[in-house]
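Working notes for the structure below.
The values are calculated or read from the model by the stated rules, or taken from the named source; none is laboratory data. This one's a predicted model, so the numbers in the text were calculated from it and none came from an experiment. Here the Cβ is made from the backbone with ideal geometry for all residues, glycine too, and neighbour counts use every protein chain on show.
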Amino acid sequence: MRDDCTGCRGSGREMKTIKLEVKVPAGVDTGMQLCLRSEGEPGPGGGPRGDLYVDISVKEHPLFIREGQNLICEIPITFSQATLGTELEIPILKGRHSLTIPKGTQPGEIFRLKRYGMPDPHGGPVGDLFVHVQVEVPQKLTEQQEMLIRELAELEQAHVSPHRKSFFEKLKEYFTPHESDASEAASMIRWQ
């Protein structure tokens, strides 16, 4: 009488955990699979081994948002940088890149850097990097900064001083009929 193996219970196979080194091609994305040939389960009756499929899950990057092979990066700049223009060092996948911000750059403006995105794991062209400019408005100003901005506002003839009427006060005045307007409206009603 034959005794069955206690580890495999007579199946001829035993479960064990192994570690494999997997070469991951550049540019893979979440949801893709890698196929490792002949690394799966052995076939029945001593047949050839099957394949092992590895599901890819890519961690989010702290600076870049991925859209296919393209990358998006949001860069904060100051009001003065947007107005006067500047040269910025921005992050790219492999280091840094100098980006020229021209005078008069508007909030939300997008700069496209061709072939600075993700490589295609299937050998296609490299994606692009889209740099979104976010103009930051300071929440706190020094006295000198506030004075200079008020001077600029005066030159632009923009009403920003707290001593002038607020928008809502002006709006209230606009919709409140004046005495002459009220008497004119009353006389129009009488004649109709």
**Asked** Got a number for residues in the stretch 27-42 being under 22 Å from Asn70 (Cα atoms) and in a loop (DSSP other than H, G, I, E, B)?
**Response** 6
**Request:** Would you be able to say whether some residue in the stretch 127-145 is of a type in the set (Gly, Ala, Ser) and at pLDDT 90 or above?
**Result:** yes
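This table checks each residue for (1) modelled with pLDDT of 95 or more; (2) aliphatic (A, V, I, L, M).
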residue	(1), (2)
Leu36	no, yes
Glu39	no, no
Gly43	no, no
Pro48	no, no
Ile75	yes, yes
Gly85	yes, no
Ile90	yes, yes
Thr105	yes, no
Glu109	yes, no
**Message:** If I go through the stretch 77-99 residue by residue, how many of them are within 20 Å of the chain's Cα centre (by Cα) and surrounded by fewer than 13 Cβ atoms within 10 Å (Cβ to Cβ)?
**Reply:** 5
**Odd one out for Gly104, checked against (1) surrounded by fewer than 16 Cβ atoms within 10 Å (Cβ to Cβ); (2) within 24 Å of Pro138 (Cα to Cα); (3) touching a strand residue (DSSP E or B) at 6+ places or on another chain (Cβ under 9 Å)** = (3)
**Prompt:** Between a first residue in the stretch 33-48 that is over 19 Å from Leu20 (Cβ atoms) and a second residue that is of a type outside the set (Phe, Trp, Tyr) and exposed (fewer than 10 other Cβ atoms within 10 Å of the Cβ), which pairs have beta carbons less than 8 Å apart while being 6 or more apart in sequence or on different chains?
**Reply:** none
**Prompt:** For Gly127, all conditions in the list (1) surrounded by 13 or more Cβ atoms within 10 Å (Cβ to Cβ); (2) in a strand (DSSP E or B) hold save one; what is the number of the exception?
**Reply:** (2)
**Prompt:** What about Lys114, is it surrounded by fewer than 10 Cβ atoms within 10 Å (Cβ to Cβ), outside the structural domain of Ile18 (by TED's automatic domain parsing), more than 15 Å from the chain's Cα centre (by Cα) and basic (Lys, Arg)?
**Reply:** no
**Message:** Against the condition exposed (fewer than 14 other Cβ atoms within 10 Å of the Cβ) and in contact with a Pro (Cβ under 6 Å, 6 or more places away or on another chain), how does Arg49 come out, does it pass?
**Reply:** yes
**Residue in the stretch 74-92 that is touching a residue at least 24 places away in the same chain (Cβ under 8 Å) and part of a loop (DSSP other than H, G, I, E, B) present** = no
